[in-house]
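Taking it in order: structure first as C-alpha cells, then the write-up.
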Amino acid sequence: MTGQMDTERENKIEAWTELQERAALKEKKRIVLKIGSSSLTHPETGELNLWKIERLVRIICDLKGEGREVVLVSSGAIAAGRQALGGQKRPETISEKQAYAAVGQARLMMVYQKLFSEYNCVAAQILLTKNTMTNDASRYNAQNTFDELLNLGVVPIVNENDTVSTHEIQFGDNDRLSAIVAALIGADLLILLSDIDGLYSDDPRRNPDARFISLVPEITPEFLEMGKDTAGSGVGTGGMSAKLAAARIATDSGSDMIIANAEDVGIIHDLMEGQEKGTLFMAHPNLDFDLMDYINTKY
C-alpha cells in the first residue's frame, strides 16, 4: 500500500512539474524551429507542400507579432531540387545530393521569400558547414550575423550548405544542426517538427505497446536507448537517435526542446500556449558546456 501511495505521489509531482514547465513556454522569446523534408512535401509525389509551407510562414510571422524572435532551420532543398529536375530518383551519392541541393536551395528560398513578403516579414538565408562552427573566427562571425538579423526583425532560414559539404564535414542531419544553432544563439526553446508525435519507449511503428513519454526531465542512458537509427520517411535523414542527440546539445546549453508532429503545423501555437503536446525535454544547463565538444562528438 505504501509503495502504491509513493507511486501516486511521484506521478502527481511529475504532472505538476510538467504543467509548470509547459506554462513557462508562453514566455519563451528566442525560438529555433526545425522542420523536416517529410513535413514539407506531399508523401505521394515528393513535391513541395505549398499549403503547409504557407501556413508555417504565417505562424512564424504571427510569433514575431507577439514579440518573439524565430530562426527557421528548414530541410527540403534536395527534395525541391528533385522536384525541379522532373522528379528524378532519390539521390544516393554525395555528388547527386549536392547537385540536387544546388538547384533546390534557390527554389526553396524563392518560395520562402515570396510567402514571408506577403505577411510583411523579411527572410534571410544562412548556409552553414561544420567548418564554420569549428573555426573560432567563423563561428563568432556567424553568431554576430544571427544576432544582427534578429535585431533587425529578420527571420533567418538556416540549412547546411549541402552543395559543398562532404561526408567528413557534414553535421549529419538538421536535427543536430538546429540544436547547434540554438546553442550558438542562446535560444530559449528548440522545436523539432517531424513525422512523429514525440518520444516513445520503443518504435511505435513496430511495437503497438510502446509508451508515449510526454516529459523528459533529464536525458539519461535509459532515454538514449530508446533512440532508433532509422528515419520514418523516404525524404528525411534523422531518426529518433538524431533527435535525442539534438536534445542533449540543446538542454545542456540551457534550451528547452520539444519534439512534435508536423502533420498540422498549427501545433506550434498549441505548444507556445502551454498545451501538453509532443515531448518536452527540460533544460538542465551544463556549467562545463563547450559547443565544440558536441560538434565533434558522434552519438
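The values are calculated or read from the model by the stated rules, or taken from the named source; none is laboratory data. Worth saying up front: this structure is predicted, and the values here are computed from it rather than measured. Cβ placement follows ideal geometry from the backbone for every residue including glycine, while neighbour counts extend to all protein chains displayed. Surface accessibility is based on the protein's heavy atoms, side chains included, excluding ligands, DNA and RNA. Shrake-Rupley method; radii C 1.70, N 1.55, O 1.52, S 1.80 Å.
A few comments on the model shown:
- For the stretch 104-151: span of alpha carbons on each principal axis (Å, largest first): 37, 28, 7
- Ranked by the mean number of other Cβ atoms within 10 Å per residue, highest first, peptides 265-276, 98-109 order as 98-109, 265-276.
- Unsatisfied cross-links (Cα-Cα over 31 Å) in the set Lys29/Lys130; Lys29/Lys89; Lys26/Lys89; Lys28/Lys97; Lys29/Lys97; Lys34/Lys114: Lys29/Lys89; Lys26/Lys89; Lys28/Lys97; Lys29/Lys97
- Computed log₁₀ I(q)/I(0) - Debye formula, equal Cα scatterers, no solvent, the chain, q 0.11 Å⁻¹: -0.63
- Residue-averaged 222 nm ellipticity for the chain, from DSSP H runs of 4+ at -39500 (n - 2.57), nearest 500: -14000 deg cm²/dmol
- For the stretch 14-72, the solvent-accessible area of protein heavy atoms averages 45 Å² per residue (probe radius 1.4 Å; ligands and nucleic acids excluded).
- Carbon plus sulfur fraction of accessible area for the chain, probe 1.4 Å, in percent: 48
- The chain - share of DSSP beta bridges that are antiparallel (%, nearest 5): 20
- Helix runs (DSSP H) in the chain reaching 24 Å along axis by Cα, Kyte-Doolittle at least -1.0: 94-118
- Sequence of Leu149, Leu128 from largest to smallest accessible area, 1.4 Å probe: Leu149, Leu128
- Take the Cα of Arg211, go 7 Å toward its beta carbon, and the backbone nitrogen atoms of the stretch 268-293 under 19 Å from that spot belong to 277-282.
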